[in-house]
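Reviewing the structure listed below.
The values are calculated or read from the model by the stated rules, or taken from the named source; none is laboratory data. Because the structure is a prediction, the values reported are computed rather than measured. Here the Cβ is made from the backbone with ideal geometry for all residues, glycine too, and neighbour counts use every protein chain on show.
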Amino acid sequence: MWKRPRRNETSFMDIPPPLLIIAPHAYDADLADLRWCEAASGKVRVNAAKFRNLEMVEVIVDSMPFLLTPLTADETGKTLNAGTGDPLKCDLPLSGESAIGVTPRANVASAAPIPEVHRRLLLLGQWIGQSLDATAAVWMPARRLSSFAWFDNAVSDYLAGGRLPLPFHVSCSEVSAGRLATNGLRYFTGQEIGLAVPSDYRPADIEGRVADIIAHIVAYGRIDRPSRSKDPVRRETLVYTPSADMERVEVLIRRDAR
């Protein structure tokens, strides 16, 4: 689905772009000559000659290269019907809408989780959406969908010094009673979380604890050894047990004696 017949560049195109910006006429846009929104004016350099015979362009933001790839309405629809769901504050886009995929180029892809690179990725998505009157945004690593208005506001808050918009980047679902699992955290840390919580925790308590744990791991990196930490305010002990391959860490929340 991600490789068109004319594309024969390198295998990175076999991997879905992490960010999709959905708009009614995104596929029809001339990416080499896109009329950028005022906020992007003079801040985006388009290297249209990089892929002369391919339906994509390279753009440079603050010396960081990104690849823009158009998806037809059919390709976009297949993506949205292939499990991209749990829409965040929006309905599914209309069936006729296409998308622009945004991917860090190979020389910065390994640094994609680094905040400065990720900020440029989100900023570029924001500028594309504003330029095309986008309706939605999709974060593929977590398969989360939001309205573009929500994405636009969340990115603006983040770039102004706020917290990474975790609801867009990481999803969390209940896999059994009292046990939850994340999806999408691996993009930032190479590791997902399995979380076990006390049975009497309220949903609001669980949501807050999950957000705090995710934010901590995003900020400080994956847990690479068994450990524990105490929260004297909540009177909790968190027990961390990483898997042998480090791709998952089990987190157990225990109540401390009062």
Among the strands (runs of 3 or more DSSP E) contained in the range 136-216, which hold 2 or more residues that are more than 24 Å from residue 226 (Cβ to Cβ)? 136-139, 144-147, 171-176
Single residue of the range 11-38 satisfying the filter (closer than 28 Å to residue 170 by Cα and surrounded by fewer than 12 Cβ atoms within 10 Å (Cβ to Cβ)) that is modelled with the lowest pLDDT: 11
Across the range 237-258, which residue is surrounded by the most Cβ atoms within 10 Å (Cβ to Cβ) among those that are part of a strand (DSSP E or B) and without any contact (Cβ under 8 Å) to a residue 24 or more places away in the chain? 240
The correct count of residues that are within 18 Å of residue 126 (Cβ to Cβ), under 17 Å from the mean Cα position of the chain (by Cα) and at pLDDT 65 or above in the range 57-95 is 4
Residue that is modelled with the lowest pLDDT [pool: residues in the range 39-56 that are among the basic types (Lys, Arg) and over 23 Å from the mean Cα position of the chain (by Cα)]: 52
The condition of being closer than 19 Å to residue 222 by Cα, small (Gly, Ala, Ser) and surrounded by 14 or more Cβ atoms within 10 Å (Cβ to Cβ) holds, among 149, 181, only for 181
